[in-house]
Amino acid sequence: MMQADNGDDRDAAAPAAPPAYESIHFESSNSGLPDVPRDEFAKNASIAVSVTNPTKVGDGLSAYAVYTVSTKTSDAAYKKSEMIVVRRYSDFQWLRGRLSSLYPGVVIFPLPEKTVTTSPFQSDFLEHRRGGLQDFMKKVVEHPTLGTCEDVVMFLEEQGGSSWDQRAPWYSRGAVGSAIGAMDSWFQSINTATETWSTGAGMESVMMEEDPRYLEATEYLLLLEERLKRALKSGSDIVNSVQNLGILTGTFGENAHHLGDCEEKGAKLLLGEEAGGLGQAFRQVGSAACAMRAPTEAQAERLARDFRAPLKQALQYVRAAKETIDARLDALLKLQAARSKEQSKRAKLDHALHAPPTPPPPPPTSILERLHASITQPTPVTVEELQRDVGTAEAATADAQKKFDEIKARMTNELPRVHAELERVINDAFANCAICMKALAETHVDAWESVFPGCTTA
């Protein structure tokens with residue numbers, strides 16, 4: 001016969017209890033990110049904005065939704081301390097597009113998805129979009145640079161019928177403006193790629209010129225995006241599992257009640273009126289299980305709000321950071337293309353200055369020869385024209401260098417700022433998950449202890 005282990009052996013073999021969440025310290029590794037003091041990440045707390053009251057306007061194909069944007073501020077950049085304006089989704093698109101073009105290198109939080117999989121005027125969809133628009137505006141006004149820039153001030157202050165409606169020509173507004181903007185961006189990307197290819201600039205030269213620590217940071221962001229996608233999927237699975245647990249627990253409780261009623265009726269029929277204790281026990285189990293349904297579903301909603309939603313927000317932020325990385329790469333490619341074009345122009349000028357003069361061709365002797373010569377012989381380029389071309393190329397290179405340096409300088413602060421925000425959001429999300437799971441476990445322990453005292457302490 002096998003001898004039973006003594007209590008000491010059981011304690012030694014049992015796995016150690018996990019540490020309390022509060023005792024866990026996550027290592028903050030900024031490998032690849034510039035060293036910027038944490039006080040550089042201070043948010044602009046003088047502006048508070050809310051997006052409320054999504055409302056349908058009009059009917060049929062001309063219908064659209066508007067949102068009320070309310071602002072309270074003590075910042076001197078604003079004319080009033082309180083403002084209320086009404087904006088469409090396309091207005092938020094315009095604002096983000098303006099900020100992206102005016103402040104390349106600044107990470108701008110994304111707007112909610114434009115794709116509509118249901119009716120664009122269903123209350124659930126409008127509420128989801130409203131929440132996304134509020135997250136966007138909150139990030140914008142909290143930013144130390146964007147919160148008081150001219151376009152944000154105009155967006156929050158100007159009423160319809162004023163300079164707000166004159167901010168852009170008709171073809172850059174609404175759906176037409178979005179389509180034209182997308183086409184323009186597409187053609188610009190093709191033009192940049194063509195110039196880069198034709199001048200010999202490419203990814204290899206980009207890798208040689210970029211800061212190695214910056215390249216390390218971009219690799220980190222790409223890896224973080226993949227990890228967040230997996231975490232978000234797992235978070236969704238957790239939320240769905242807890243939601244299903246509440247439903248199944250409630251269904252089990254209802255069935256236990258029915259079983260108790262059936263058992264009590266049968267016992268009294270067969271054994272007399274004093275029988276039926278087992279049926280009462282089944283009903284007690286059913287009552288405990290039914291009592292767990294509502295708090296379990298409440299924890300599922302809390303997990304969706306405080307765990308899954310922040311993970312999704314963090315993923316959106318990482319993708320917004322990738323937009324700035326793309327903008328920086330595009331600026332560097334344009335700089336390299338401008339340098340190559342300038343070198344080509346200089347080479348032509350040097351050749352014109354130092355090469356021996358080309359002997360003139362023999363004069364044509366017939367009308368056909370003169371006609372052919374007028375068509376095929378190129379117009380000679382003078383040294384003065386070549387000097388002007390070099391000057392134009394130098395100016396283009398200087399402009400490209402300035403734009404790249406501006407993006408580079410902004411990203412020196414932006415990437416650490418985003419990293420700090422991601423660290424806070426992700427840390428809070430997992431802390432909230434731990435709190436929810438603890439409360440869920442306590443709910444189930446209390447419910448089952450009320451029926452079977454001591455069952456959870458064995």
### Task
Would you mind telling me which numbered condition in (1) open to solvent by 40 Å² or more (accessible area, probe 1.4 Å); (2) modelled with pLDDT of 90 or more; (3) over 30 Å from D211 (Cβ atoms) P310 fails?
(1)
### Message
touching a residue at least 60 places away in the same chain (Cβ under 8 Å) and farther than 15 Å from V152 by Cβ: is that true of V57 in this structure?
### Response
no
### Message
Just checking, does segment 322-330 include any residue being in a helix (DSSP H, G or I), under 30 Å from E414 (Cα atoms), free of Cβ contacts under 8 Å to residues at least 40 places away in the same chain and open to solvent by 30 Å² or more (accessible area, probe 1.4 Å)?
### Response
yes
### Query
What pairs come up if the first residue lies in segment 428-440 and is closer than 13 Å to A300 by Cα, the second is small (G, A, S), and their beta carbons are under 8 Å apart, counting only those six or more places apart or on different chains?
C433/G235
### Message
For segment 371-392, give me each residue that is at pLDDT 70 or above, open to solvent by 100 Å² or more (accessible area, probe 1.4 Å) and of a type in the set (A, V, I, L, M).
### Response
none
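Go through segment 265-281 residue by residue and tally those that are under 20 Å from F452 (Cβ atoms) and at pLDDT 75 or above. Walk me through it before giving the result.
Pass one, segment 265-281, residues under 20 Å from F452 (Cβ atoms): 276-281.
Applying the additional criterion that residues be at pLDDT 75 or above yields 278-281.
Final tally of qualifying residues: 4.
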### Query
Going by the conditions given, is P359 open to solvent by 80 Å² or more (accessible area, probe 1.4 Å) and either over 28 Å from the mean Cα position of the chain (by Cα) or modelled with pLDDT of 90 or more (or both)?
yes
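Restricting attention to segment 108-136, and to residues there that are small (G, A, S) and open to solvent by 40 Å² or more (accessible area, probe 1.4 Å), which single residue is modelled with the highest pLDDT?
Of all residues in segment 108-136, those small (G, A, S) come to 119, 123, 131-132.
Next, only the ones that are open to solvent by 40 Å² or more (accessible area, probe 1.4 Å) stay: 119, 123.
Working: S119: 65, S123: 80.
This residue is S123.
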#### Entry: Test: K229 is open to solvent by 80 Å² or more (accessible area, probe 1.4 Å) and assigned to a helix (DSSP H, G or I)
yes
### Task
State yes or no: is R319 of a type outside the set (A, V, I, L, M), assigned to a helix (DSSP H, G or I) and buried (at least 19 other Cβ atoms within 10 Å of the Cβ)?
no
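Within the group L368, L353, L415, which residue is more than 22 Å from the chain's Cα centre (by Cα), in a helix (DSSP H, G or I) and modelled with pLDDT of 80 or more? Quick ask: steps written out before the conclusion?
On the way: L368 fails: modelled with pLDDT of 80 or more; L415 fails: more than 22 Å from the chain's Cα centre (by Cα).
Exactly one of L368, L353, L415 is more than 22 Å from the chain's Cα centre (by Cα), in a helix (DSSP H, G or I) and modelled with pLDDT of 80 or more, namely L353.
Provide a single number: the residues in segment 404-431 that are open to solvent by 50 Å² or more (accessible area, probe 1.4 Å) and under 30 Å from D237 (Cβ atoms). Spell out the reasoning first.
Step one: of segment 404-431, the residues open to solvent by 50 Å² or more (accessible area, probe 1.4 Å) are 405-406, 408-410, 412-413, 423-424, 427-428, 430.
Now drop any that are not under 30 Å from D237 (Cβ atoms), which leaves 423-424, 427-428, 430.
Residues that pass the stated criteria total 5.
Which of the residues that make up segment 235-262 are surrounded by 19 or more Cβ atoms within 10 Å (Cβ to Cβ) and closer than 23 Å to L303 by Cα? Before you say what the answer is, go through the steps one by one.
First, the residues of segment 235-262 that are surrounded by 19 or more Cβ atoms within 10 Å (Cβ to Cβ): 235, 239, 242, 246, 249-250, 253, 256-257, 260.
The answer is G235, V239, V242, G246, T249, G250.
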### Task
Determine whether segment 23-44 contains at least one residue that is in contact with a Leu (Cβ under 7 Å, 6 or more places away or on another chain), within 21 Å of C149 (Cα to Cα) and either surrounded by 19 or more Cβ atoms within 10 Å (Cβ to Cβ) or at pLDDT below 90 (or both).
no
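Could you please find all residues in segment 137-147 being open to solvent by 50 Å² or more (accessible area, probe 1.4 Å) and either of a type in the set (F, W, Y) or at pLDDT 90 or above (or both)? So that I can check it myself, show each step before the final result.
Going through segment 137-147, the residues open to solvent by 50 Å² or more (accessible area, probe 1.4 Å) turn out to be 138, 144-145.
Scanning segment 137-147 gives a single hit, K138.
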### Query
surrounded by 14 or more Cβ atoms within 10 Å (Cβ to Cβ), in a helix (DSSP H, G or I) and touching a Lys or Arg at 6+ places or on another chain (Cβ under 9 Å) - does that describe any residue in segment 444-453?
no
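Say whether the condition of being at pLDDT below 80 and crowded, with 17+ Cβ neighbours inside 10 Å is met by at least one residue in segment 165-176. If you could, list the steps in order and put the result at the bottom.
We begin by selecting, within segment 165-176, every residue at pLDDT below 80; these are 165-176.
Keeping just the survivors that are crowded, with 17+ Cβ neighbours inside 10 Å gives 167, 173.
Yes: one or more hits.
The values are calculated or read from the model by the stated rules, or taken from the named source; none is laboratory data. As the structure is a computational prediction, the values presented were derived from the model and not from experiment. All Cβ positions, even for glycine, are placed from backbone atoms using ideal geometry, and neighbour counts span all protein chains on display. Ligands, DNA and RNA are excluded from the accessible area calculation, which covers all protein heavy atoms including side chains. Shrake-Rupley method; radii C 1.70, N 1.55, O 1.52, S 1.80 Å.
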